[in-house]
Structures are given as C-alpha cells and as structure tokens.
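Note sheet for the following structure.
Just so it is clear, none of the values below were taken in a lab; they were calculated from the coordinates. In this text the structure is predicted, and so the values were computed from the model without any measurement. We place every Cβ from the backbone using ideal geometry, glycine too, and count neighbours over all the protein chains shown.
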Amino acid sequence: MVRRVLVLALGSLAALLAACSANSSASQAMPALPDQNSEQAVAPSATALPPEEVVEAPPSSPESATPATADRWGGATAPELQLVLLDGSTLDLASLRGRPVVLNFWASWCAPCRAEMPALEQSWQTHKDKVAFVGVALWDTESDARKLAEKMGVAYPLGLDKSDKIAKEYAVTGLPTTLFIDADGVIARRITGSMTAGGMTFFINAVLQ
C-alpha cells in the first residue's frame, strides 16, 4: 500500500515538473510587452535656422569661407559713410543718393572675396550707368588692398576702413558682405558670402525696379 502511494506521488511530481518546464519555455519565447504607463522619449527633429538667424562670426583665418546668407538689415537706412579711396579721393555715400548702390566689404586675405571680385567687376561694367559700386576693405593694409585691386583689374571705387569705424557702423562680422542699397538710401538686401555675377544681377534688378 505504501509503495503504491509513493509511486502515485512521484508520478504527480513528475507531471508538475514537466508543466513548469513548458511554462518557462513559453515565457522565454514570448516578447516582453511594452509598459503602457511608460513615456517614450522622442528626439526632436532637427530644424535648420532660417538664413536671417545665422550669426556670422569673424573669420578665423584668411582662407575661411563664409556661406552666403541674408540677414535682417533689409528695410533699414544705410548708415552715413565717408571713405578715403585708394586713389586719395573721398567718397560720401550721401552723394550717391538718387541711384542704387552696391556696397561690398572685402579684404585682400579673404579667399571668398578674391573669388568674388571678377563677378563684381563684371557686374559693375554691366550696370555702372545706373548703379554705383563701392568696395570697402576691412582689417587690411592699404598696400595689400591696392596690390590685389591692381592684380584683379578692379576699376570701381575701392577704399580702406583704417579705423574699423565703418565695419562697426554696418555691423560687419563676416567677409565678403554685400549690401544692395536703393536710390533712397534704404538697404534692400544684405548678403554675407561670395556671390556670382548672376546673383548680383538678380538683386541689382530688384533695386532698380
């Protein structure tokens, strides 16, 4: 009798162990369910700043290139500007009132400025009967500015901002920077970065309208 009870007990224990083993395997095969109460952190999508929000730092080296960007100067009156030109004469921006002006800030050590100069000269040759061009060298020496102008064959008026006064008044922090000023002395567009002749023509036509 005792033997029979022992056999039945061992049989029940074996069945129980087999059931536990099956449940364990099923549990491991089943993927974990997400916690319905947990919050998933989603990375925000990268949003590019509009061009007018780009802040240009001063060039760190003579070869640093600056991408062309526009800023919020559009609609502002151009500050007064008196510039001693490389030929020794003086140019007053107010004297050009009544015709559009392309005001370009550059430097002899600035690679993008050098690359842009032929396009500026070409645009000036095309539009000089209707539009004035003025180039202002910043953070430069007169001899270096003069050498580059002669090498590039630039014929439109060029001068040097020896005291950084003009750079501060126009808040120039990157080169090249070009302003398209309408006949009333209002800045229609300000571009930081090297431009092509086609791009200049586009903005020149806008201020001529």
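General observations
- Candidate set: segment 163-185, residues that are hydrophobic (A, V, I, L, M, F, W, C) and surrounded by 15 or more Cβ atoms within 10 Å (Cβ to Cβ); chosen: the one farthest from Ser108 (Cα to Cα): Ala183
- Elements of type strands (runs of 3 or more DSSP E) in segment 91-174, at least 2 residues being closer than 23 Å to Thr201 by Cα and acidic (Asp, Glu): none
- Of all the criteria given as (1) touching a residue at least 40 places away in the same chain (Cβ under 8 Å); (2) crowded, with 19+ Cβ neighbours inside 10 Å, the one not satisfied by Arg97 is (2).
- Only a single item in (1) closer than 27 Å to Gly88 by Cβ; (2) in contact with a strand residue (DSSP E or B) (Cβ under 7 Å, 6 or more places away or on another chain); (3) in contact (Cβ under 8 Å) with a residue 40 or more places away in the chain is not met by Tyr156, and it is number (3).
- Segment 109-135, subset surrounded by 23 or more Cβ atoms within 10 Å (Cβ to Cβ) and in contact with a Leu (Cβ under 6 Å, 6 or more places away or on another chain), residue nearest to Phe180 (Cα to Cα): Gly135
- In segment 186-206, residue surrounded by the fewest Cβ atoms within 10 Å (Cβ to Cβ) [restricted to those that are within 16 Å of the chain's Cα centre (by Cα) and part of a strand (DSSP E or B)]: Arg189
- Scanning segment 76-90 for residues that are out of contact with any helix residue (DSSP H, G or I) (no Cβ under 6 Å at 6 or more places or on another chain) and assigned to a loop (DSSP other than H, G, I, E, B) turns up Ala76, Ala78, Glu80, Asp87, Gly88, Ser89.
- The set of residues in segment 159-209 being charged (D, E, K, R) and either without any contact (Cβ under 8 Å) to a residue 60 or more places away in the chain or within 20 Å of Thr90 (Cα to Cα) (or both) consists of Asp161, Lys162, Asp164, Lys165, Lys168, Glu169.
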